[in-house]
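This report concerns only the one structure given below.
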Amino acid sequence: MDRRGHAMQGMDSVYIHVTDDMRRQLCNYLEGLWQQGIAERYKLAPHSAVPLLGQALVAYARKQQNETSTQQRLRAARTQVQTRSRGLTDTRMDPRNEPQNPAQSTSGE
C-alpha cells in the first residue's frame, strides 16, 4: 500500500512516514477510479462473461436502481409537502380567512 514511487537509493528513509490519512485518501481516490470505470463499462454493455466484472456490473445496476427509486420517493415526498403547505397557506394561514370579530366590524350592523 505504500506508494512512494522512489527508486533512488536513500530516499526510502525520507518518505517512510506514510500516514493513515494518506492511505485513506489514496484508497478513496482509487475507489473513485474503480467506480468511474465500472460506470463507463456499464454504459458500453451491462453484462460481462468475466465473472468478477459481471458481479461488479450487477452491483452497479442495483445501486443505480436504488438511487433512482430513492430520488423518486424524495421527489414525491417534497411534492406532497409542498402541496400540503400550499393548501394550509391558501386557507388556514391566510389572515383574510380569519373570522371577523363583530365588535370590530365597521359596517354599522
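The values are calculated or read from the model by the stated rules, or taken from the named source; none is laboratory data. These figures come from a predicted structure and were not determined experimentally. Counting neighbours? That spans all protein chains shown, and the Cβs are built from the backbone with ideal geometry, glycine included.
Would you tally the residues in segment 49-61 being among the small types (Gly, Ala, Ser) and not in a helix (DSSP H, G or I)?
At the first step, the residues of segment 49-61 found to be among the small types (Gly, Ala, Ser) are 49, 54, 56, 59, 61.
Restricting the remaining residues to those that are not in a helix (DSSP H, G or I) gives 49.
Summing the residues that are among the small types (Gly, Ala, Ser) and not in a helix (DSSP H, G or I) in segment 49-61 gives 1.
Given the conditions (1) outside any helix (DSSP H, G or I); (2) touching a Lys or Arg at 6+ places or on another chain (Cβ under 9 Å), and given that residue 46 satisfies all but one, which numbered condition is not satisfied?
Looking at each condition in turn, residue 46 falls short on (2).
If residue 7 passes every condition in (1) modelled with pLDDT of 95 or more; (2) among the small types (Gly, Ala, Ser); (3) not in a helix (DSSP H, G or I) but one, which one does it miss?
Here residue 7 meets the rest and fails (1).
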